[in-house]
Amino acid sequence: MNIYSDLVEESEFSDHITTRSLEIITEMTLKEKVGQMFIAQRPSTDSVQKASDWALGGYLLFAYDFSGLSKSEVIANIQSYQHASRINMFIAVDEEGGTVNRVSRNSALRSSPFLSPQQLFELGGFDLIAEDTVEKSELLSSLGINLNLAPVADVSTDNQSFIYPRAFGQDAEITAKYVRTVVNVMKEMGMGSALKHFPGYGDSFDTHFVAAHDNRPLEAFYSGDFIPFIAGIEVGADMIMVSHVIVESIDPNLPASLSPEVNRILRKDLGFDGVIITDDLAMGAIGQFVSDYSIAVLAVLAGNDMIITADFEGQIMDILAAVEDGVISESMIDEAVFRIIRLKIQLGIVY
């Protein structure tokens, strides 16, 4: 267990959580460990069997996974994934409110979609935002969802920028208060949280389709974009999602999601000890980055703990091959899985 010693020493969690995490990891095969590093888009066929066969860390559900279903049907589907898994899964959604809602679009689950953070703030300030977070967490938990990929911590005040409708729409300090409010409530409700999209989306355009570059100096991030992320880290955010934007002042050659330097900033400069997760590797901005290794291997080498993707089968095999070839050390896999299992215990997903 010496490979975990540094993580254990730095851990702020109880000895029980640390000890149980290590017990679980030592009983896992390498394939199971790598499977835990994936939150996969739920496959359209054999989703129960694949959750078991690949020991997936989680499923990410989209609006089509809820469309036309009753609450009992949604619960049954989610339970089927969990029952198939030896290690219970993250069941994740993007339920941000406003333009990005997966669950509340279904009127059988909520009478109307959740409002955006900007709308809530205008109607009732931070009190209404807190109330909304409680209701959102209660609804998701009642379905078996344990991870909401929220809040959006990006700073954007330009209503013409891509991220603005999803952001809080205020300066860094007020956005930081929003992030603290939401993360604190999510923790109280036992709902997993994920700050996004580090290092900060700024005014970059949509990376779902093409690569985006951010040419601002590094100081602009420390004095602005990082502030809400630091606030979320201080109150115990569970995950941080890293974007596909190329931030020239941090790493001019790689998108943030594939950059070791971005992860170094998160771990060393900002002191984040939770789970780092990539944005979806199926997005268009990432596809152009070809090297001797697959995108998933590059994501692991960069220091990400978890990967969101649809192509989990091929990418798990790529990572296993990279470990066998000595490109990725098994201790690097173990460190990531330690954080993942530790969080699952903390959230009551695994015991």
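The values are calculated or read from the model by the stated rules, or taken from the named source; none is laboratory data. Not measured: the values here are computed from a predicted model. Quick reminder, even Gly has a Cβ in these numbers, built from the backbone with ideal geometry, and neighbours come from all protein chains shown. Quick note on the areas: whole protein, heavy atoms, side chains included, nothing else; ligands and nucleic acids left out. Shrake-Rupley method; radii C 1.70, N 1.55, O 1.52, S 1.80 Å.
From Tyr178, Tyr164, grab the single residue that is touching a Phe, Trp or Tyr at 6+ places or on another chain (Cβ under 7 Å) and crowded, with 17+ Cβ neighbours inside 10 Å.
On the way: Tyr164 fails: touching a Phe, Trp or Tyr at 6+ places or on another chain (Cβ under 7 Å).
Answer to the check: Tyr178.
Out of curiosity, is Glu32 on the phi < 0 side of the Ramachandran plot and free of Cβ contacts under 8 Å to residues at least 12 places away in the same chain? Please lay out each step first, then the result.
Values: on the phi < 0 side of the Ramachandran plot: yes; free of Cβ contacts under 8 Å to residues at least 12 places away in the same chain: no.
Considered against the rule, which asks whether it is on the phi < 0 side of the Ramachandran plot and free of Cβ contacts under 8 Å to residues at least 12 places away in the same chain, Glu32 comes out as no.
Filter segment 210-223 down to the residues that are open to solvent by 10 Å² or more (accessible area, probe 1.4 Å), in a helix (DSSP H, G or I) and not acidic (Asp, Glu) and list them by number.
Leu218, Ala220, Tyr222, Ser223
List the residue pairs whose Cβ atoms are under 9 Å apart, where the first residue sits in segment 324-351 and is among the hydroxyl-bearing types (Ser, Thr, Tyr), the second is part of a loop (DSSP other than H, G, I, E, B), and the two are 6 or more positions apart or on different chains.
Tyr351/Asn88
Given (1) farther than 17 Å from Glu95 by Cβ; (2) touching a Lys or Arg at 6+ places or on another chain (Cβ under 8 Å); (3) assigned to a helix (DSSP H, G or I), identify the lone condition not met by Leu139.
(1)
Test of understanding: among Ser141, Ser156, Ser137, which residue is surrounded by fewer than 18 Cβ atoms within 10 Å (Cβ to Cβ) and of a type in the set (S, T, N, Q)?
Numbers: Ser156 fails: surrounded by fewer than 18 Cβ atoms within 10 Å (Cβ to Cβ); Ser137 fails: surrounded by fewer than 18 Cβ atoms within 10 Å (Cβ to Cβ).
The unique qualifying residue is Ser141.
Does segment 25-44 contain at least one residue that is touching a Phe, Trp or Tyr at 6+ places or on another chain (Cβ under 6 Å), modelled with pLDDT under 95 and either more than 29 Å from Leu120 (Cβ to Cβ) or not aliphatic (A, V, I, L, M) (or both)?
No, segment 25-44 contains no residue that is touching a Phe, Trp or Tyr at 6+ places or on another chain (Cβ under 6 Å), modelled with pLDDT under 95 and either more than 29 Å from Leu120 (Cβ to Cβ) or not aliphatic (A, V, I, L, M) (or both).
Return yes when Val183 is touching a Ser or Thr at 6+ places or on another chain (Cβ under 6 Å) and surrounded by 22 or more Cβ atoms within 10 Å (Cβ to Cβ) and no when it is not.
Values: touching a Ser or Thr at 6+ places or on another chain (Cβ under 6 Å): yes; surrounded by 22 or more Cβ atoms within 10 Å (Cβ to Cβ): yes.
Yes, satisfied.
Can you tell me which residues in segment 186-198 are open to solvent by less than 10 Å² (accessible area, probe 1.4 Å) and hydrophobic (A, V, I, L, M, F, W, C)?
Pass one, segment 186-198, residues open to solvent by less than 10 Å² (accessible area, probe 1.4 Å): 186, 191-198.
Those that are open to solvent by less than 10 Å² (accessible area, probe 1.4 Å) and hydrophobic (A, V, I, L, M, F, W, C): Met186, Met191, Ala194, Leu195, Phe198.
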